[in-house]
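What follows is one structure encoded as structure tokens, with my remarks underneath.
Any read-out appearing in this document is the output of simple, stated calculations on the displayed coordinates, not a laboratory observation. Just so it is clear, the structure is predicted and the values come from calculations on it, not from any experiment. Here the Cβ positions follow ideal geometry from the backbone for every residue, glycine too, while neighbour counts run over all protein chains shown.
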Number of protein chains: 2
Amino acid sequence: MSERRRKFYAWGFEDQTATAEEMAPVLDTWHRVFGTDFEVTPAPTLETIEMRAPRITAIPAALTGICRQDRYERALHAYGRSFLDGARMFRGDFTRAPDVVAYPRTEDDIRALLDWAGGIGAAVIPFGGGSSVVGGVNPEIEGDYAGVVTIDMWHMNRLLEVDQVSRSARVQAGVYGPDLERQLKEHGLTLRHFPQSFELSTLGGWIATRAAGHFASNATYIDDYVESIRMVTPQGVSESRRLPASGAGPSPDRFVMGTEGSIGIITEAWIRVLNRPRFKVGATLVFDDYHRAAEAVRAISQSGLQPANCRLIDALEAGHTKAYEGGKPILVLGYESAHYPVDDLLRLTVELCADYGGSPVETSDRPEARSAVAGQWRNAFIRGPYYREHMIARGICRETFETAVPWSGFPELHGSVVRTVDEAIRRVTGRAGTVTCRFTHIYPNGPAPYFTFHCLPDRARMAEQCMEIKVAAYDAVMKAGGTITHHHAVGRLHMPWYVEQRPKLIGAAFAAAKRALDPAGIMNPGVIVPEADIAAWRPVPAEREAVAAS
Amino acid sequence: MSERRRKFYAWGFEDQTATAEEMAPVLDTWHRVFGTDFEVTPAPTLETIEMRAPRITAIPAALTGICRQDRYERALHAYGRSFLDGARMFRGDFTRAPDVVAYPRTEDDIRALLDWAGGIGAAVIPFGGGSSVVGGVNPEIEGDYAGVVTIDMWHMNRLLEVDQVSRSARVQAGVYGPDLERQLKEHGLTLRHFPQSFELSTLGGWIATRAAGHFASNATYIDDYVESIRMVTPQGVSESRRLPASGAGPSPDRFVMGTEGSIGIITEAWIRVLNRPRFKVGATLVFDDYHRAAEAVRAISQSGLQPANCRLIDALEAGHTKAYEGGKPILVLGYESAHYPVDDLLRLTVELCADYGGSPVETSDRPEARSAVAGQWRNAFIRGPYYREHMIARGICRETFETAVPWSGFPELHGSVVRTVDEAIRRVTGRAGTVTCRFTHIYPNGPAPYFTFHCLPDRARMAEQCMEIKVAAYDAVMKAGGTITHHHAVGRLHMPWYVEQRPKLIGAAFAAAKRALDPAGIMNPGVIVPEADIAAWRPVPAEREAVAAS
């Protein structure tokens, strides 16, 4: 729909990728780890991929202008952007592509699309940047639906209003991260919400999935930056009052956040923005012992110091990313403020770390001259998604999963998860892989550990073998008292464990709430509310009833 | 149920009240303001109050041991503790007292009570400390219920478990504030959640009503200190997983918080606790101009400084409380930390205030020697509830209401509300009163203004005249874009405005969710979900159906 097209089978736009120079050190690492060279599978092309004909063929005249059914559009919306998705895309399996891709420009367009989909009994999948790594946008729906209409919010991308006095902005939900920051910058403002998906994810997607962003401590979930939400549901438009805080009943916004498209499509939000930071300081510390380092992070999290960045990266991951190759865990620390110097806070934090054997490897107070270790880490973090297609092409499985757990449960969870995944990799792939851990966010009562594993699965069964390892990992996380996700959301991938985690009665309450807003049961079926729950009350669509009766 | 009984018609226990010495300066203020002496109405007694016979007479044998129907217990649970409640209590109107007061000791007791109430079609009102100022515990129910069973959580008051590593504690919901702090102190911990109702409110009440506490900025709602919730609903027990954070779907705890007893009774919670503060500093500033002072507070709220205390008190209120009688607004500031000195943060804040014409009237860095102005203010704040019965006895109406609004809307809201209430007092009571404002909490995007008004209503119609003024105030708050409540909750009093504020579709979703958890429609009817919505699906109780059929 734009001049610049997104790549249909991988991260980024068609004019973007990781260069050979950029990939060389990455591939060198995995060449050394696995002791082998990698044969390169060619990327899929629109001509070679497998895709069935659309099941929906009659689009109402009023909607044809915003609906697409060509191979490119259907392929682009067939998957999210996890390794699992990539492995299946490289295999050319686009059989479950959506039947229609719609690009609304207004809320009226969305209402018309929902009315139409409800009438014909088609499922609707809201689509922001499509960066889901949990199958949130994948049209993998079992129920008896007429087809799938994916609604891409691409065109609804404008900053509509700025309230400088209240440091707030009203923004359309389809705006991508960089475009949002560009528009805010014109007003001297920023949201500073930088999930790894930042470049290819949207404000609406962040809110629908409760994304966690830039800040390692204190308010980091997008939840804390939302002032009000406007949403189109099959029953009509809902908009909450714009307020800094309210104790009037359960928060309507908290009720919407995390529904992942299962009750409606977020179209706009008032968000709380910030002044651009003027003061930034950072330091990287190295520790002799991983669990002592974790104790240091616990002490920081309980001190009230609230660093903007506080990433504990284990020795192996620091080495893999070439951030630090001294074989020890590192802690990347940062403070920032738009208003006052933060050097003292960093100094206090570094002093605190000394009690746990942490010593600085470098310090930088010049934001423009980012320190080498932290800079290398940051680069690997931001560029990581671009590496994926090159890794998949070489048959290297790189997957991640993340959780949060009380501090008292962390050592056991960490040990159990690393052991489980190590064993699962050996069992499933027949050879050793690697498992590493970093903290993405910290809280006074627990960390959010983020695990990455690499292995060499059977080329013909990459997705299946990866999934087998993930199932073992998820089971271990849940058994150790963690959450199935800290910020990757639920999607379709995490549903079995989400259903286990969520209180059963609260699940029943949400299902009832969904039914009130989505009586035809068409909104992202199988996400948050299990398909079986929807099937219990979903009406047979009127048109098909008529057919059956005739 | 205990040796030490709560006063049935006013704030506090029977052995507590404000002394004549304590009341003298308070009454002196109002004598000067209104230019009159006050005749004293005697307090109601158990013998003189009006109360109908219980409508429920047959209590199952298994429950008689925990159920009470004597006049004292029924009177104690007939009202919350607002001025409106007090005026009606002094009038002796206890006609709507609950029919049964139950004191469960276990969750099984609660389950048995809910089963019984559901079976006979009785309404259930969960009762913590009974400090509601919005009719949350008042048995003012219009629907066709067999009677009202109030469940007082008094006995469920123990600290069950401490996780020192994760700074978390598992606590029964019926614990009162001081008892909670006493039990936590034995472990060197504190929650530091100090709403004005602290002495006579419970953890479960705070969670059910989304109470706001001690901290003026950053995380202040109890919401942010809840790790998991355990609740008994008519459909069974629900318990969320104990987690520092989770992005798995809409937060189950946020869904429960704010339901005010309308879906179940909270029995336990894991809460995030703190180390006791070691560093405390405070300062009080005086400003020439109120709106310049508000601008200073806005600058503080947007600076990231996050003071623990930041109360802007207008000139009139500072004078009434005798905190500062120089006829100017004051700002009471405080910082605290368990871990590091906070002097610099206070210094930066005071410097920032200077840009807005704020100058210190005093500074104290010795917590044991609380400064005179801040100390006098704090005393008036904590003792205020004890003054109420003496004010009511003298015919003085003192009521409060509170809101939150974006900074850009504050000047208009403030002007409009003060003007509206001033006019309403004159119109309704025939003479001038006073309206004052302070900030209780601040956010980067807006303040939480708290209004207090005093007037001299007609003695025979104190509650009615006060309510007429409040209706005008609430209408003005809503018209100016505020919330109907920042932390007083919804109860029965705020329902009309809550229904206006809440998105209509979200209201429908909550009603459907309630129906799933409370199919008999017995849980605190009329609170959060309007009685009319419940009546639409509430079944006729089986016993009465049988009677009708016979």
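Just a few scattered comments:
- Sorted from nearest, the other copies put their B:R55 label points 5.2 nm away, the label point being 7 Å from Cα in the direction of Cβ.
- Counting only DSSP beta bridges with both residues in the stretch B:50-152, the antiparallel share comes to about 20 percent.
- Rounded to the nearest Hz, the phi-derived 3J(HN,Hα) couplings of the stretch A:30-38 under the Karplus curve 6.51 cos²θ - 1.76 cosθ + 1.60 (θ = phi - 60°) are 6, 4, 5, 5, 9, x, 8, 8, 10, where x marks glycine and proline.
- Taking every C-alpha pair closer than 8 Å and separated by at least 6 residues, the mean separation divided by the residue count of chain A gives a relative contact order of 16 percent.
- Per-selection Kirkwood Rh - the stretch B:279-489 (Cα, Å, 1 d.p.): 17.9
- Shielding by partners - mean other protein chain Cβ count within 10 Å, residues of A:295-304: 3
- Amide H within-cut-off set for B:Y443, under 5 Å, with H built and near neighbours excluded: B:A448
- Test item: Cα-centred dipole of the protein assembly as shown, Lys/Arg +1 and Asp/Glu -1 on Cβ, debye: 0
- Loop-located trypsin sites (Lys or Arg not before Pro) across the stretch B:38-82 with a Cβ neighbour count of 12 or fewer within 10 Å are B:R52, with loop assigned by DSSP.
- The GluC sites (Glu not before Pro) of the stretch B:441-548 include none that meets both criteria, a DSSP state outside H, G, I, E and B (loop) and at most 11 other C-beta atoms within 10 angstrom of the site's C-beta.
- Calculated label separations, A:G430, copies of the chain, 7 Å along the beta-carbon direction, nm: 9.9
- By other beta-carbon atoms within 10 Å, ranking B:H31, A:H339 with the fewest at the front produces B:H31, A:H339.
- Modelled label positions at A:R55 and B:S416, each set 7 Å beyond Cα in the direction of Cβ, lie 5.1 nm from each other.
- Taking the number of Cβ atoms within 10 Å of each Cβ as an exposure proxy, the fewest-first ranking of B:I56, A:I425 is B:I56, A:I425.
- Label spacing, shortest first and in nm, from A:H187 to its equivalents in the remaining copies (7 angstrom along Cα→Cβ): 4.5
- Helical contribution to [θ] at 222 nm, DSSP H n ≥ 4, -39,500 (n - 2.57), averaged over the protein assembly as shown, rounded to 500: -10500 deg cm²/dmol
- Exposure proxy ranking for B:I382, A:I263, B:I110, B:I49, based on other Cβ atoms within 10 angstrom of each Cβ and starting from the fewest, stands as B:I382, B:I49, B:I110, A:I263.
- Measuring spread by the Cα atoms of the stretch B:50-152 yields a radius of gyration and Dmax of 13.1, 38 Å.
- In terms of distances greater than 27 angstrom between alpha carbons, the cross-link table entries A:K185/A:K280; A:K479/B:K185; A:K470/A:K504 yield A:K479/B:K185.
- Remark: mean inter-chain Cβ contacts per residue of B:438-450 equal 4, using a 10 Å Cβ-Cβ cutoff to other protein chain atoms.
- Inter-centroid distance (Cα atoms) of the stretch B:444-461 relative to the stretch B:494-538, Å: 28
- Where GluC sites (Glu not before Pro) fall in DSSP loop in the stretch B:26-130, at most 15 other Cβ within 10 Å: B:E39, B:E47
- From the alpha carbon centroid of the stretch A:32-102 to that of the stretch A:155-185 is 30 Å.
- Karplus-derived 3J(HN,Hα), 6.51/-1.76/1.60, for each residue of the stretch A:171-183, Hz, glycine and proline x: 9, 6, 6, x, 6, 7, x, x, 5, 4, 5, 4, 5
- Relative contact order of the stretch A:2-149, defined on C-alpha pairs under 8 angstrom at six or more residues apart (%): 27
- With R₀ fixed at 22 Å, the C-beta to C-beta distance from B:A432 to B:A24 puts the FRET efficiency at about 0.40.
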